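Have a look at the structure below before the remarks.
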Amino acid sequence: MKIVDLRSDTVTKPSPEMWEYIKSMGNSRLGDDVMGEDPTVNELEEKAARLIGKEAALFVTSGTQGNLVSLLSQTKPGDEILLEELSHIFLNEVGSAARIGGLMIRTYPSVRGVPSFEYLQSLIRDREEIHEPPSTLLCTENTHNYHGGAIVELDALKKMRDFTNKNDLKFHLDGARLFNAAVGLNVPVTEITKHANSVMFCLSKGLSCPVGSMVAGSKEFISKARRFRKMLGGGMRQAGIIAAFGLIALEPKWINRLADDHKNAKILSQGIENLKLRIKVHPTDTNIVIVELLEKVRILKIITALNKAGILAFNISKEKIRFVTHYGINTDDIDYSIEQIGLILKKVL
Ligand SMILES: Cc1ncc(COP(=O)(O)O)c(C=O)c1O
C-alpha cells in the first residue's frame, strides 16, 4: 500500500549527498567535542554562525535542548518570560522553562504569531515594584508551527525587537523552521535573525538531518549556552559523525529545496479547499497545512480512516488536522493525498 507520511518534517531521512559525505569521512574528521576538538562540529558551528549572522553557534541535540539552553543563558530563576500561547516552548517542551529554569511564564495571544503590542506592553512588570518578578525575555516562533507554518514577517519582527529594546528584554527566536521562513519570504536568513539576541534552528526538520539543532548568538551567550548544554547532558564526544549531515544541509542548494515543500503544501491546501466541504483550510505560507473541521465529528475517526488509506497525519486539536510536506514527498504523493482526503472527508462531513 502507498504510504504518504505527512505527520511531520521530522520523519525525513538523509539525502544521498549526505550519505556520500559521511562515507568519505575518516577518523581525522572526528575528535572529542566536549574538549572542543571535533573538527567537523567546529566547522558546522562556524558555518552556522556565519550563515545566521551571529558571532558564534553551538551544536545541540535537539530543538527542545536548544530552546532551553537559550532561555537558561539569558535569564535567572524567578524571572518572567513572555511566550506566545500556542508556541512549542509553552506547549510542548515539558514545562522545562519552569521546571529547570525556575522561570515564570506569561503567555500572549497572537494573530499567526504576531502579538498586539499594546497587550504585550500590559504584561511587562514594574521593575521597581518589590512584589513583582522582572520580565526579562520575549520569545517568538518563526515559522509558527501551530499557526500552520505561518511566517512572522520582517516588519513584525522589527516591532518585536523595538519592543524588547524599549523594555530592556532579551529576544529569543525559536526558528525550528527558520529557513522555511527565509525561503518563504525570499530574503537572506539574516534579515530575520538580525532582530533576535538568540536563535535556535533545527537541522532535523525540513533540512532532513537525522539529529541536531543549532543555537546562535553572541560569543558571550554561546559560552554560557555551552555550559548549560553540558549541564543538561548534551555534551557529546565524537559528535562530528552526526554534525557532518548538517554541513551538507546548510548548503544553499539544500536550503532552497524547501521551496519544493512549500509548493507541494500549496497544491495540497488548494486541492483540499477545492473539495468545497464544511472545513476551513488555513492560509499556507510554507510547508504546513492545517485543516479545521467546521462540523462536530470525532477527529480521531478521520485520522484512523486516513491512516488506513495510507495518509499519515496528526490532529493538533479536536478540530484541526495538520499535514506537513517535506523531503521525500513528491507531487504524486500530494495528488494521491488530495484524492484520499476527499473520499474520507466526504463520507463524514
Ligand atoms: C516550533 C518548534 N520548536 C521546537 C521544536 C523542538 O524540536 P525537537 O523535536 O528537535 O526537540 C519543534 C519540534 O517539532 C518545533 O516545531
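Can you confirm whether the stretch 207-220 contains a residue that is in a helix (DSSP H, G or I) and within 16 Å of the ligand (Cβ to nearest atom)?
No, every residue in the stretch 207-220 fails to be in a helix (DSSP H, G or I) and within 16 Å of the ligand (Cβ to nearest atom).
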Within the stretch 71-82, how many residues are open to solvent by less than 10 Å² (accessible area, probe 1.4 Å) and more than 17 Å from Phe201 (Cα to Cα)? 3
Leu68 fails exactly one of (1) surrounded by 15 or more Cβ atoms within 10 Å (Cβ to Cβ); (2) assigned to a helix (DSSP H, G or I); (3) out of contact with any Ser or Thr (no Cβ under 8 Å at 6 or more places or on another chain); (4) of a type outside the set (Phe, Trp, Tyr), namely (3)
What number goes with the only condition from (1) among the aromatic types (Phe, Trp, Tyr); (2) under 25 Å from Thr286 (Cβ atoms); (3) not in a loop (DSSP other than H, G, I, E, B) that Tyr119 does not pass? (2)
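Residue-by-condition table, conditions (1) at pLDDT 95 or above; (2) open to solvent by less than 10 Å² (accessible area, probe 1.4 Å); (3) more than 16 Å from the ligand (Cβ to nearest atom):
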{"position": "Glu132", "(1), (2), (3)": "yes, no, yes"}
{"position": "Ser135", "(1), (2), (3)": "yes, yes, yes"}
{"position": "Gly148", "(1), (2), (3)": "yes, yes, no"}
{"position": "Glu153", "(1), (2), (3)": "yes, no, yes"}
{"position": "Arg161", "(1), (2), (3)": "yes, no, yes"}
{"position": "Lys166", "(1), (2), (3)": "yes, no, yes"}
{"position": "Leu173", "(1), (2), (3)": "yes, yes, no"}
{"position": "Asn180", "(1), (2), (3)": "yes, yes, no"}
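Within the stretch 309-319, does at least one residue satisfy the condition of being in a strand (DSSP E or B), touching a residue at least 60 places away in the same chain (Cβ under 8 Å) and open to solvent by 50 Å² or more (accessible area, probe 1.4 Å)?
Checked the stretch 309-319: at least one residue is in a strand (DSSP E or B), touching a residue at least 60 places away in the same chain (Cβ under 8 Å) and open to solvent by 50 Å² or more (accessible area, probe 1.4 Å).
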Residues of the stretch 26-45 being over 27 Å from the mean Cα position of the chain (by Cα) and polar (S, T, N, Q), in sequence order, are Asn27, Ser28
Is it the case, given these coordinates, that Ser62 is open to solvent by 30 Å² or more (accessible area, probe 1.4 Å), in contact with a Cys (Cβ under 9 Å, 6 or more places away or on another chain), within 16 Å of the ligand (Cβ to nearest atom) and not hydrophobic (A, V, I, L, M, F, W, C)? yes
Name the one entry in Gly342, Gly328 that is over 26 Å from Ile151 (Cα atoms), at pLDDT 95 or above and outside the structural domain of Leu178 (by TED's automatic domain parsing). Gly342
When you check Ile52 against the structure, is it assigned by TED's automatic domain parsing to the domain that holds His131, out of contact with any Lys or Arg (no Cβ under 6 Å at 6 or more places or on another chain) and over 16 Å from Ala176 (Cβ atoms), yes or no? no
Exactly one of Lys13, Lys23 is within 21 Å of the chain's Cα centre (by Cα), surrounded by fewer than 14 Cβ atoms within 10 Å (Cβ to Cβ) and closer than 19 Å to Ile242 by Cβ, and that one is Lys13
Would you be able to tell me the number of residues in the stretch 49-62 that are touching a strand residue (DSSP E or B) at 6+ places or on another chain (Cβ under 6 Å), within 15 Å of Asn197 (Cα to Cα) and not in a loop (DSSP other than H, G, I, E, B)? 4
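The values are calculated or read from the model by the stated rules, or taken from the named source; none is laboratory data. This is a predicted model, so every value here is computed, not measured. Heads up, the Cβs are rebuilt from the backbone with ideal geometry, glycines too, and the neighbour counts pull from every protein chain shown. Side chains included, ligands, DNA and RNA excluded: accessible areas come from the protein's heavy atoms. Shrake-Rupley method; radii C 1.70, N 1.55, O 1.52, S 1.80 Å.
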